[in-house]
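The values are calculated or read from the model by the stated rules, or taken from the named source; none is laboratory data. Owing to the predicted nature of the structure, the values given are computational and were not obtained by experimental measurement. Reconstructed Cβ throughout: ideal geometry from the backbone, glycine too, with neighbour counts over all protein chains shown.
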C-alpha cells in the first residue's frame with residue numbers, strides 16, 4: 001500500500017465519525033416525509049425508478065445493493081399503495097418490469113421538495129456562506145464514495161468470493 005491509501009487510526013476514527021453524522025442527518029431528513037410514511041427501501045426504489053426509468057426487481061436490488069427479497073417487500077408495499085405497477089417483461093416471461101405510477105411520481109416529488117426545503121432552511125440558518133459552499137463540495141466527494149463498487153475498494157469483503 002502507498003502512504004496515500006493507508007488506513008491510519010485517525011482516518012478510521014474520522015470515517016466512523018462521518019458515518020454517524022451522515023446517518024443522523026439522514027434520520028432527520030426522513031422526518032420530513034410529508035406524512036407518506038415510506039421506508040428508506042421504498043424511497044430509494046422510487047428514487048431509482050425516477051432517475052433510471054422502468055426496471056426489473058433484480059435491477060433495482062442490484063442498483064441499491066440489497067437482496068432481491070428485501071426489494072420485493074418494498075415494491076409489494078409500493079404496488080399496494082398505488083405508487084408502482086408491474087407489467088410483463090417484453091422478452092423474459094419470468095420477470096416483470098416495474099414502473100412508477102402518477103401517484104408514485106407525485107409522492108416522490110413532494111417528498112423531495114419537503115426534504116430539500118428543510119435542508120435549505122437548515123443550511124441558511126446554521127451555516128455561513130463559506131460553510132454552505134464547503135458542504136456542497138463535500139457532497140460531490142460523498143457521491144464519489146457512494147459510487148465505488150466493491151472492486152474499487154481494496155480489502156473489501158465481497159460476498160460469495162471466499163475472501
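In table form, for the structure just shown:
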{"quantity": "Unique residue being under 16 Å from the mean Cα position of the chain (by Cα), over 23 Å from residue 142 (Cα atoms) and in contact (Cβ under 8 Å) with a residue 40 or more places away in the chain when the list is 29, 38", "calculated": "38"}
{"quantity": "Test for residue 162: is it in contact with a strand residue (DSSP E or B) (Cβ under 6 Å, 6 or more places away or on another chain) and either in a helix (DSSP H, G or I) or modelled with pLDDT under 95 (or both)", "calculated": "no"}
{"quantity": "Qualifying residue in region 143-151 (condition: modelled with pLDDT of 95 or more, outside any helix (DSSP H, G or I) and within 20 Å of residue 17 (Cα to Cα))", "calculated": "no"}
